[in-house]
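Shown next, in structure tokens, is the structure this report addresses.
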Amino acid sequence: MTNPAPFADALRRLAIRSGNVLDVEAGRLVGPRTLLAVDGRIEALAGLDDGVPDDALVIDLTGLTVLPGLIDTHSHLVGEVQTAGVPGTTTSAAEDAFLSVRNARATVEAGFTSVRDVGTFRAFVDVALRDAIRTGEVEGPRMQCAGAFITAPWGGGDVVGLAHDIRLPDDLRFGVVTSPAEVRERVRRLLIGGADLIKCIGTGAVLTRGGVPAAPELSEDELRAAVDEAASYGAFVAVHAHSNEGAQRAVRAGARSVEHGSMLTEAALRAIADAGTFLSVDIYDGEWALDHGVEERWPADTMRKLAETMETGEAAFRRAIELGVRITYGTDSGVYPHELVANGLDSFVRWGMTPVGAIRAATTEAAACMGWDDRVGTLAPGRFADLVAVQGDPLADVRTIESPVVVVKGGRIVVDRRAI
Ligand SMILES: [Zn+2]
């Protein structure tokens, strides 16, 4: 028999005695509880004075506030997303894989026990990472992953910026498509190859060399082909779209989520709200990049696009809240260091969301967007025993979540900073 995987879920009975528990759905602290778990799943949320089974391992988190493990609906755990060079070409496949191990650990240690990973330049490295986490060989969050980007040639998911006569290997251009038929073929290969969802690049991207965020790239027919083909495999489609036309094509095509939405105005936001499409928003990456991009030697054109989309992004976000759009917490982490993945919660609050709204965006709403509301996002029986323990009251100050004291995933302590 081989040795058990070091980072597998805890296959035993646990009793986690906690201080205040945050009921995310109710939006309030419900007092101390004992969370009973078996085989990595929650069995019951009992009173602190209720009995604990004799065979249970007791974890004492009294004095800390406990909330469900957090979820990022827009991560990039593989490799380095943004560099002074052309992304995708500055690291080898082996380096991408090792960097992803580091990134996955940093993410879960920051309290993010699930992520929806929305694309890698080098196809399928994310699938390998997800599988290594799933079997317990690597420490990291539960992952849904996209396998690659479905993108127009020279679009936001292509590798752009090299000299015109450089030829790239196939795995760096796996998702480049030129017709609805090609979309179907690539979507099928991605999903049969192990991807969980499909990520389409619907408009230009801020970080892609020369990309124009306002410009629609994939056609509505291509997006429709992706949604239709993915549906055959029970998979959702996330569409990167900064501007109105790209977002409205995504909504009409039946996308599960629009990503970024930084330039959206009234009609597109209403369309998103009316369709019940999720809007995955990332703010802190832009704030971090405006502070650090110049010292990181990012191109001036990228810095200009960042400033412009951050400016319009705030108004779009505030209006989306007013219209009742189902906003989920995205980060684009990889653009900034993965250990800072929780810092965007405070960005959501500064741009007008309530603290509980921001926490829901990163728990219940994120789980719903992923189709994972039966397993993560709340501390309810049957869900994974994924939780974060923080000091203080996150409803009064979401920044308490930036420094989790203890993180538990699947009933196993991932990090415990109490003794340090
Ligand atoms: Zn992204």
Quiz item: Where does each of C200, C145 land when they are ranked from fewest to most other beta-carbon atoms within 10 angstrom?
Solution: C145, C200
Quiz item: Angle between the Cα long axis of helix 266-275 and the longest principal axis of the chain, 0 to 90 degrees, nearest 10?
Solution: 50 degrees
Quiz item: Rounded if a/c is under 1.5, else prolate if a/b is larger than b/c, else oblate: which is the stretch 304-344, with a ≥ b ≥ c the root eigenvalues of its Cα gyration tensor?
Solution: oblate
Exercise. Report the one residue of G69, H338, V294 whose Cα lies farthest in the direction of the positive end of the charge dipole of the chain (charges on C-beta: Lys and Arg +1, Asp and Glu -1; origin at the Cα centre).
Key: G69
Exercise. Order by neighbour count: T302, T73, fewest other Cβ atoms within 10 Å first, most last.
Key: T302, T73
Self-check item: the chain - mean residue ellipticity at 222 nm from DSSP helices (-39,500 (n - 2.57) per run, n ≥ 4, rounded to 500)
Solution: -9000 deg cm²/dmol
Exercise. Report the one residue of A214, G276, G194 whose Cα lies farthest in the direction of the positive end of the charge dipole of the stretch 162-279 (charges on C-beta: Lys and Arg +1, Asp and Glu -1; origin at the Cα centre).
Key: G194
Exercise. Would you kindly state the longest site-free stretch of the chain, with sites defined as GluC sites (Glu not before Pro) in a DSSP loop (not H, G, I, E, B) surrounded by at most 16 other Cβ atoms within 10 Å?
Key: 138-294
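Relative contact order, percent, of the stretch 189-341 when contacts are C-alpha pairs under 8 Å separated by at least 6 residues?
Computed value for the stretch 189-341: 21 percent relative contact order.
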Self-check item: Packing-based exposure ordering (other Cβ within 10 Å, fewest first) of L67, L36
Solution: L36, L67
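Every number here is computed from the coordinates shown, using simple stated rules; none is lab data. This is a predicted model, so every value here is computed, not measured. We place every Cβ from the backbone using ideal geometry, glycine too, and count neighbours over all the protein chains shown.
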